[in-house]
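Heads up: the structure comes next, in structure tokens.
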Amino acid sequence: MTLMATLRLAWQALVRNKARSLLTMLGIVIGVAAVIITVAIGAGARSSVQSSIAGLGANLIVVQPGSVTQGGARTGFGGASSLTPADGMAIAQLPDVAAVSPLVTLRTQVVAGGNNWQTIVNGVAPTYTFIRDWPIAQGSFFTQSDVTASAKVAVLGQTVVSQLFPDGNPPIGQTAIVKGVPFTVIGVLAAKGQSGTGQDQDDTILIPYSSAMQRLTGLTTVNQLMVSAASADAIDAVQAEVTTLLQTRHRIVPPESNDFQVRNLQSIAAAASSTGAVMEFLLAGVAAVSLIVGGIGIMNIMMVSVTERTREIGLRMAVGARSGTILQQFLAEAIVLSTIGGLIGVVLGVLGTSGVALLAKWPTTIPPIWIALSVGFSALVGIFFGYYPARKAANLNPIEALRFE
Amino acid sequence: MSESAVPVVRVERLRKVYTVGDDQVIALGGVDLTIESGDFLSVMGPSGSGKSTFMQIIGLLDQPTDGTYYFEGKDVSNLTSDERADIRSRRLGFVFQSYNLLSRTSAVENVELPMVYAGIPEDERRRIALEKMEIVGIAQLAKHAPNQMSGGQQQRVAIARSLVNNPGLILADEPTGALDTKTSSDVMRLFKQLNKDLGMTIMVVTHEFDVAMNARRIVSFRDGLIISDKPNETLAGVA
């Protein structure tokens, strides 16, 4: 018999018992839908983590001060006051470095007109917009001459604009008072949204780092140096060069420990995405167990079906079906059942996924490979769990089968 | 015309022994029989006489322990189960006491079933099935499912099914066992007509004397042996 004819027979047999066929499929349907939904949620979370890490900056390397020991207590990284803008200038001279910006961070109250708001004030260089890949929405960014002059100019994030200037008038030219110092608003950043860790990146004010140091912190050191490597491939090299350079500048001789720390975000991204991948496989594993349970359901029903249809099998053999043909037919029934179950599961999974995306506002992506995998796996489940009942049917003796009551 | 010269069935010293635990049960104790093409015989005997075993071996559903079986001139005593299935598919027709129709399947699809396994194309199958249903007088029931038909109608569907491969031999195992007297005689009249008009070779296994009397030849079994094999004298004068 041809493959088509076998599938046809299987289909007819399944249609003859619609309700039972549907119920038998249910295990597979649920299993596959669960696989698709869990994988979609996992993969969505992973890709959103990746994109938010990418959003932190182009090929970003972060240099932070190291730890210091004060009265026996060691501060964490960043506790030392060891990085200066001059370090940044030196790093900018290195080959493969595209841009450097110091970062001076303070959280403080900002006042404008009758409104006030606590936000993060970041003192940065004009290269910051390039490093963070963060365009200006209105006005302009400050320039190197603003840095040189420690100018009292500020660029606001969208959240700060809506809190300090709620009337909707453009804030350009207005004054924002930071720690008693009036800054003129010269620009507004484009909206950037949440960071990978859930922080509102738009809740910030950017001012020249020199202004932040001289007028606000009164320190000669910075909190961070943000370094952008020329390309992703150069990240490791730049990291090493920066380390060597700073060791020289800070006169650190091994085994003396560094008073700074150089990190790149690729390693963070890799860790985050591998955590996501582990979660994804874990969820898929749980879902695969439910597929196996579904397969056992198929086997159970196929066993019942073979017993119930013993006389039919005897008749088919009497009118000329070879036992191999009977085996094929029952196997085909199991495979058709499980594959259709798998396809229905995919449809439900895709619907469920868009439901999750819509209701929980959770980013989801369905990797196409998982659709192929889960349908393929359901077919395998059908073959595996259908084989035993099918062989039982094929091994029936036609005489006894015809006599079966 | 060489086909008519070769008997449809020829068995020599056919034996069938079952082993049940430590005991050996002799179902057939050495049977010789020849069925010529166009014959219509009844096989009679009480239960346990070996007539059912005989029918199963003739129908190639079972194999003899000893002896030789020639079907249409070919030795089929020691075929594999696939080879036997292929002969059943092409050259044998079966009618059973309990009809054995597929439920929730239309009459015409039931009639088509043997052709599915013989690999006959679909439109061809439908045409042949309807033709055979016409012959047994149930063409109007083609779309009906078995549960919408009377016992007699169901048995006619089964008979149509046995005809679709133009078998060399039709084997009917207690074909009237589940039918009332009136329907029984209708069904037997149909067998007679198939034998007379189409020249079908038919073997009916029954324990009912009235049913057996429809055949031209009556073979009686007892204790695994043929105890009588003679023409039906009541018909001899009529024919």
> Can you list residues whose amide H is under 5 Å from B:Phe40's amide H, if they're 5+ apart or on another chain and H is modeled 1.01 Å from N?
Replying inline: B:Ile202, B:Arg216, B:Arg217
> Separation between the A:Leu358 and A:Glu308 pseudo-spin-labels, each 7 Å from Cα along Cα→Cβ, expressed in nm?
Replying inline: 3.7
>> With unit charges on the beta carbons (Lys and Arg positive, Asp and Glu negative) and the dipole taken about the Cα centre of the protein assembly as shown, which residue among B:Gln56, A:Leu245, A:Met317 sits farthest to the positive side?
In response: A:Leu245
>> Using only Cα atoms and rounding to the nearest 10 degrees, what angle (0 to 90) does helix A:235-249 make with the longest principal axis of chain A?
In response: 30
> Which whole number gives the average count of other chain Cβ atoms within 10 Å of the Cβ atoms across peptide B:107-116?
Replying inline: 3
> Expressed as an acute angle from 0 to 90° and rounded to the nearest 10, what is the orientation of the C-alpha long axis of helix A:18-56 relative to the principal long axis of chain A?
Replying inline: 20
> Any idea what the dipole of the stretch A:280-402 comes to, in debye rounded to 20, about its Cα centre with Lys/Arg Cβ at +1 and Asp/Glu Cβ at -1?
Replying inline: 160
> What is the Cα radius of gyration of the stretch B:69-116 over 2.2 N^0.38 Å, N being its residue count?
Replying inline: 1.42
> In whole Å, what three semi-axes, largest first, describe the equivalent ellipsoid of the protein assembly as shown built from its Cα gyration tensor (square root of 5 times each eigenvalue)?
Replying inline: 94, 25, 18
> Roughly how crowded by other chains is peptide A:319-329, in terms of the mean Cβ count from those chains within 10 Å of each of its Cβ atoms?
Replying inline: 6
> When you count, for each residue, the other Cβ atoms within 10 Å and take the mean per peptide, how do A:91-104, B:23-36 rank with the highest first?
Replying inline: A:91-104, B:23-36
>> At a 10 angstrom cut-off on C-beta neighbours, averaged per residue, how do the peptides A:368-376, B:57-65 rank from highest to lowest?
In response: B:57-65, A:368-376
> Cα to Cα, under 21 Å, and not fewer than 8 places away if on the same chain: which lysines meet these conditions relative to A:Lys152?
Replying inline: A:Lys179
> Measuring from a point 7 Å past the Cα of A:Thr105 along Cα-to-C-beta, which residues in the stretch A:221-237 have an amide N at less than 17 Å?
Replying inline: A:221-228
> In a solvent-free Debye calculation with one equal scatterer on each Cα, what is log10 I(q)/I(0) for the stretch A:73-197 at q = 0.11, 0.20, 0.21, 0.23 Å⁻¹, listed in the order of the q values?
Replying inline: -0.44, -1.27, -1.35, -1.49
> What net charge is computed for the residues neighbouring B:Arg126, neighbours being all others with C-beta under 10 Å from the C-beta of B:Arg126, Lys and Arg scored +1, Asp and Glu -1?
Replying inline: -4
> Taking 0.36 nm per intervening residue step and subtracting the Cα-Cα distance, what contour gain separates A:Ser47 from A:Asn169 on full extension?
Replying inline: 40.2 nm
>> Quick check: net charge around B:Met55, other residues with Cβ under 11 Å of its Cβ, Lys/Arg +1 and Asp/Glu -1?
In response: -2
> Quick one: Cα centre-to-centre distance for the stretch A:198-233 and the stretch B:1-74, in angstrom?
Replying inline: 101
> Using a cut-off of 13 Å between alpha-carbon atoms, which aspartates and glutamates can reach A:Lys192, once sequence neighbours fewer than 8 places away in the same chain are excluded?
Replying inline: A:Asp133, A:Asp200, A:Asp202, A:Asp203
> Could you give the angle, 0 to 90 degrees to the nearest 10, between helix A:3-15's Cα long axis and the longest principal axis of the Cα atoms of chain A?
Replying inline: 90
>> For a quick check, take a GNM of chain A with Cα springs below 10 Å and name the residue from A:Leu83, A:Leu14, A:Leu156 with the largest mean-square fluctuation.
In response: A:Leu14
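Under unit Cβ charges (Lys, Arg +1; Asp, Glu -1), what dipole magnitude, rounded to 20 debye, does chain B have relative to its Cα centre? Walk me through the numbers on the way to the answer.
Details: 26 positive and 31 negative charges, 96 e Å.
Result for chain B is approximately 460 debye, rounded to the nearest 20.
What fraction, in whole percent, of alpha-carbon pairs in the stretch B:2-236 exceed 27 Å separation?
34
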> Sorted by packing (mean other beta-carbon atoms within 10 Å per residue), highest first, where do A:350-358, A:117-125 land?
Replying inline: A:117-125, A:350-358
>> Charges at C-beta only: +1 for Lys and Arg, -1 for Asp and Glu. How large is the resulting dipole of the protein assembly as shown about its Cα centre, in Debye rounded to 20?
In response: 780
>> So if I take the alpha carbon set of the stretch A:140-256, get Rg, then get Rh from the Kirkwood formula, what is the Rg over Rh ratio?
In response: 1.07
> On average, how many beta carbons from a partner chain sit within 10 Å of the beta carbon of a residue in B:80-91?
Replying inline: 4
> Residue farthest toward the positive end of the dipole of the stretch B:2-236, with Cβ of Lys/Arg at +1 and Asp/Glu at -1: which of B:Val164, B:Asn147, B:Met115?
Replying inline: B:Asn147
> Among residues other than A:Val178 whose Cβ falls under 10 Å from its Cβ, what is the net charge (Lys/Arg +1, Asp/Glu -1)?
Replying inline: +3
> Given B:Lys132/B:Lys192; B:Lys143/B:Lys182; B:Lys51/B:Lys230; B:Lys74/B:Lys132; B:Lys132/B:Lys196, which pairs have Cα atoms separated by over 19 Å?
Replying inline: B:Lys143/B:Lys182; B:Lys74/B:Lys132
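FYI, it's all coordinate maths here, none of it is from the lab. Only a predicted model underlies this, so the values are computations on that prediction, with no experimental measurement involved. A quick note on method: Cβ atoms are made from the backbone with ideal geometry, for glycine too, and the neighbour counts reach across all protein chains shown.
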